[in-house]
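Notes follow once the structure below has been shown.
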């Protein structure tokens, strides 16, 4: 997955979850944040950030904030749209006969439905940007939607589907993701129930480029 033109700046503040103020070339600019999560451990005054420059003159903001630098890890992609894009690219290399995004199952919309021969697959994608002591964690904010997806996949696994949750680790050097029960104990319970019914947890390590993101392997 590649971005268009990228520039760099310094984070100033974040008035709300949709916008931030960033210093670019010595000037404070209002930018769009492509992640509605908290990212409090990443976005603090003075942090180096990367931004995609929009080529749409009708937009209110010229820039999208897509990555931030963390001293202990390096660059972390925080674009919440990136995980689905890179997983789609990755799936296209996995020899599936059918790949269908945005598939409705039960009362949920699952990110991908696949087929390989007679076997049917369901895959939900989650982006991981939270790192603590070399381990990735999810979620970084309460997610009722995430809990719902885990429970729906557990039902699908019992019905004969091969079900997976792909955690796209949007930083380098991290190979494992655990449920962040400090943030949401219910997610940890749903995670274990899903695993107990056969749902597979995939930890997809990534390479973070200046202008993109790709799954390793």
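The values are calculated or read from the model by the stated rules, or taken from the named source; none is laboratory data. Treat the numbers as computed from the prediction; the structure is a model and nothing was measured. Every residue, glycine as well, gets a Cβ built from its backbone with ideal geometry; the counts of neighbours run over all protein chains shown.
Pairs meeting the criteria (first residue in the range 64-82 and outside the structural domain of residue 17 (by TED's automatic domain parsing) and modelled with pLDDT under 95, second residue assigned to a strand (DSSP E or B) and loosely packed, with under 15 Cβ neighbours inside 10 Å, beta carbons under 7 Å, at least 6 apart or on different chains) are lacking. In the condition set (1) touching a strand residue (DSSP E or B) at 6+ places or on another chain (Cβ under 9 Å); (2) surrounded by 11 or more Cβ atoms within 10 Å (Cβ to Cβ); (3) not assigned by TED's automatic domain parsing to the domain that holds residue 122, residue 105 is compliant with all but (3).
Yes/no per residue for (1) in contact with a strand residue (DSSP E or B) (Cβ under 8 Å, 6 or more places away or on another chain); (2) assigned to a strand (DSSP E or B); (3) outside the structural domain of residue 91 (by TED's automatic domain parsing); (4) farther than 16 Å from residue 111 by Cα:
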{"position": "126", "(1), (2), (3), (4)": "yes, yes, no, no"}
{"position": "142", "(1), (2), (3), (4)": "no, no, no, yes"}
{"position": "147", "(1), (2), (3), (4)": "no, no, no, no"}
{"position": "150", "(1), (2), (3), (4)": "yes, no, no, no"}
{"position": "154", "(1), (2), (3), (4)": "yes, no, no, no"}
{"position": "157", "(1), (2), (3), (4)": "yes, no, no, no"}
{"position": "166", "(1), (2), (3), (4)": "yes, yes, no, no"}
{"position": "174", "(1), (2), (3), (4)": "yes, no, no, yes"}
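Within the range 13-29, the set of residues being in contact (Cβ under 8 Å) with a residue 24 or more places away in the chain and over 23 Å from the mean Cα position of the chain (by Cα) comprises 24, 29. Name the residue that is farthest from residue 121 (Cα to Cα), counting only residues in the range 181-194 that are buried (at least 16 other Cβ atoms within 10 Å of the Cβ) and out of contact with any helix residue (DSSP H, G or I) (no Cβ under 7 Å at 6 or more places or on another chain). Going through the qualifying residues, I end up with 183.
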